[in-house]
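Reviewing the structure listed below.
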């Protein structure tokens, strides 16, 4: 399946939506490069190895991957609080995805970016081991263990682009 870029989604659906970017401006730092024609995902999860496995799949499919912290670094302070780095909310993204490497009944510290993204209105993809589903009512698409994260992100982003029907008088 060919990568679906933001421009292609806009052309197909006639509307654009990128969550988090303030005033439509894309701010770039050394840890992130704005590429508005590529679909963009904020990727978080319970374990770095699981996040990186999904990041590899998403990047191979043409997605730009943003992170709240760099692989192997502590989750706090996040990129928003480190000089020279930028919060994904400042860059903007089409969907947030969390990759859960084990069943946990609550939000984990490395997943805190989900809260920020949901507050910004982004659709949520929950992937991986998830017998416990703490994100239940906020989840747009669920991907079971070994499922297709790329397709799930594409679906969630496309559904977020569909305009709401106009209220009838």
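Worth a mention:
- Verdict on residue 92 being on the phi > 0 side of the Ramachandran plot, touching a strand residue (DSSP E or B) at 6+ places or on another chain (Cβ under 8 Å), modelled with pLDDT of 85 or more and surrounded by 15 or more Cβ atoms within 10 Å (Cβ to Cβ): yes
- Taken over region 124-136, the criterion of being modelled with pLDDT of 85 or more and out of contact with any helix residue (DSSP H, G or I) (no Cβ under 6 Å at 6 or more places or on another chain) is satisfied by 126 alone.
- Some residue of region 6-24 being out of contact with any helix residue (DSSP H, G or I) (no Cβ under 8 Å at 6 or more places or on another chain), at pLDDT 50 or above and assigned to a loop (DSSP other than H, G, I, E, B): no
- Output for region 80-89, where each listed residue is part of a helix (DSSP H, G or I) and surrounded by 13 or more Cβ atoms within 10 Å (Cβ to Cβ): 80, 88, 89
- From 36, 77, residue being modelled with pLDDT of 90 or more and either under 30 Å from residue 105 (Cα atoms) or surrounded by 12 or more Cβ atoms within 10 Å (Cβ to Cβ) (or both): 77
- Complete set of residues in region 96-119 that are under 17 Å from residue 136 (Cβ atoms), in contact with a strand residue (DSSP E or B) (Cβ under 9 Å, 6 or more places away or on another chain) and part of a helix (DSSP H, G or I): 111, 114, 117, 118
- If you go through region 141-153 and keep only what is touching a helix residue (DSSP H, G or I) at 6+ places or on another chain (Cβ under 7 Å) and without any contact (Cβ under 8 Å) to a residue 24 or more places away in the chain, you end up with 141, 143.
- Taken over region 42-68, the residue count meeting the criterion of being outside any helix (DSSP H, G or I), out of contact with any helix residue (DSSP H, G or I) (no Cβ under 8 Å at 6 or more places or on another chain) and closer than 20 Å to residue 87 by Cβ is 1.
- Count of residues meeting criterion [closer than 14 Å to residue 46 by Cα and at pLDDT below 90] in region 114-123: 0
The values are calculated or read from the model by the stated rules, or taken from the named source; none is laboratory data. Remember, it's a predicted structure, so these values are computed and weren't measured experimentally. All Cβ positions, glycine included, derive from the backbone under ideal geometry; neighbour counts span all protein chains shown.
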